[in-house]
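To start, the structure under review is shown below, and the notes come after it.
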Ligand SMILES: Nc1ncnc2c1ncn2[C@@H]1O[C@H](COP(=O)(O)OP(=O)(O)OP(=O)(O)O)[C@@H](O)[C@H]1O
C-alpha cells in the first residue's frame, strides 16, 4: 500500500531519535537519527545483525531507557499523544504499560521459579495501578486468557509447570493486560521451536484483531520469522535504518545492499529463495564508538562507490518505503541482486 497516511491511520510516529550509552571516555551513539512510523493494526519488523541498535530502539520506544543509556533527542506520537524525548524530559509514568509496553528479550526466563503466575500478574498490574485489588487483577488476567483461548488454569501454575511456548504466550498476555496501543516485542520467538513460534505469532495477530493492542514492533535478527509476521520491515545497520519496506518487497526486491547481504546470509522459506546460496556477510558490523564516515556500510558494501566514502547517503523513497543509499539514488526503483 502506498500513499499519504492521514493522521488517523498513524499509530506511532517516532522522529529523529538519538540515544547514546555513556561509556568510559565518551559516548556510543547506538541509535542515530532514526524515524519510524507504524500504522494502526500493523506489525513493523526490525531486523539487523547483533549490535546494530535494535534493542536500544526498543528501549527508546517503550520508554524503558535507563543509565548508562540516555535519549539525546527525538519525539514520539502514539495514538495521537505527543511526547518530546531528551535528557531532561521525564516520560509520564502513565505511558508505560498503557500506551507503550515492552516484552523484553528473555522475558519468559526472568519469571521467578517460586512465584505462581497469578502472583506475577498481580505484581505487574499493581506496579502500574497501585490501587488494584488482587482478585481484580487475577480476574482481568483470567478473562484475557479466555479471550485468547488459553487455559485460565495456568494462573495457578509455577513457571516450571509451563512449556517454553506457553510461558512465552503467558508473559506476552501479561505484558499487554493494560491494553497498550503499541507492543514492542524484543526477540520474542528466538528461544522457541518452530511450532511455538507460529502459535505466538498467531496470538499476536489475534490480539491485533481484537484491538487488545493497536500495533506491534517485532524485533528479531531472524528474517524468515519476520517474513511470516511483519507487514513492513525496517533493517537497521550501525544505529541507523538502512531500509524500510513492505515485508514482501524487502524480502523479494531489496533496495539496499545491506538488506540484500542480510537476505543472502539466511535461508528464506520460499521456494525460489531456497536456491540462494547460504553465506555470511563478509566483515563485521563496525564499532558504534567509531562508526565509518559517510555511509556506515561502505567498508562491507559490494556496490560501494567513491561518494559512499565521503558523503552521507540520501534517503531515497517515501515514508513507507525508503533506503539510505547512494546506489539506490543512482538506480531508482531497482532491486539489489541477492547473493551477489
Ligand atoms: N550497556 C551498554 N554499554 C555500552 N554500550 C552498549 C551497551 N549496550 C549496548 N551498547 C552498544 O549499543 C550497540 C547496540 O546495542 P543493541 O543491544 O541495541 O543492539 P541489538 O541490535 O539489539 O543487538 P542484539 O541482537 O545482540 O541484542 C552495541 O553495538 C553496543 O555498542
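The values are calculated or read from the model by the stated rules, or taken from the named source; none is laboratory data. Only a predicted model underlies this, so the values are computations on that prediction, with no experimental measurement involved. Backbone-built Cβ (ideal geometry, glycine too); neighbour counts: all protein chains shown.
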Check your understanding: Within the bounds of the range 87-99, is there any residue that is touching a helix residue (DSSP H, G or I) at 6+ places or on another chain (Cβ under 7 Å) and at pLDDT 95 or above?
Key -> no
Exception for residue 105 within (1) touching a residue at least 12 places away in the same chain (Cβ under 8 Å); (2) within 16 Å of the ligand (Cβ to nearest atom); (3) surrounded by fewer than 16 Cβ atoms within 10 Å (Cβ to Cβ); (4) in a loop (DSSP other than H, G, I, E, B) falls at (3)
Here the residues within the range 52-98 that are part of a strand (DSSP E or B) and either within 16 Å of the chain's Cα centre (by Cα) or closer than 26 Å to residue 289 by Cα (or both) are 69, 70, 71, 72, 73, 74, 75, 76, 78, 84, 85
Going through (1) surrounded by 16 or more Cβ atoms within 10 Å (Cβ to Cβ); (2) under 20 Å from the mean Cα position of the chain (by Cα) one by one, residue 154 fails only at (2)
Condition set surrounded by fewer than 20 Cβ atoms within 10 Å (Cβ to Cβ) and under 17 Å from the mean Cα position of the chain (by Cα), scope the range 171-199, selection farthest from residue 231 (Cα to Cα): answer is 191
Checked 324, 303 against criteria (out of contact with any strand residue (DSSP E or B) (no Cβ under 8 Å at 6 or more places or on another chain), surrounded by 14 or more Cβ atoms within 10 Å (Cβ to Cβ) and in contact (Cβ under 8 Å) with a residue 24 or more places away in the chain); the one match is 303
Output for Cβ contacts, cut-off 8 Å, separation at least six or different chains, first residue farther than 30 Å from residue 212 by Cα in the range 16-42, second away from the ligand (no atom under 15 Å from the Cβ) and in a strand (DSSP E or B), reads 33/16
When restricted to 17, 12, 57, the only residue more than 21 Å from residue 87 (Cβ to Cβ) and surrounded by 14 or more Cβ atoms within 10 Å (Cβ to Cβ) is 12
Worksheet item: Is it the case that some residue within the range 27-47 is assigned to a loop (DSSP other than H, G, I, E, B), modelled with pLDDT under 95 and more than 12 Å from the ligand (Cβ to nearest atom)?
Response: no
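Within the group 62, 55, which residue is at pLDDT 90 or above, touching a strand residue (DSSP E or B) at 6+ places or on another chain (Cβ under 9 Å), within 16 Å of the ligand (Cβ to nearest atom) and closer than 27 Å to residue 284 by Cβ? Step through it out loud before you land on a result.
Details: 62 fails: closer than 27 Å to residue 284 by Cβ.
Checking each option against the conditions leaves just 55.
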When residue 296 is run through (1) within 16 Å of the ligand (Cβ to nearest atom); (2) at pLDDT 95 or above; (3) within 20 Å of the chain's Cα centre (by Cα), the failure sits at (3)
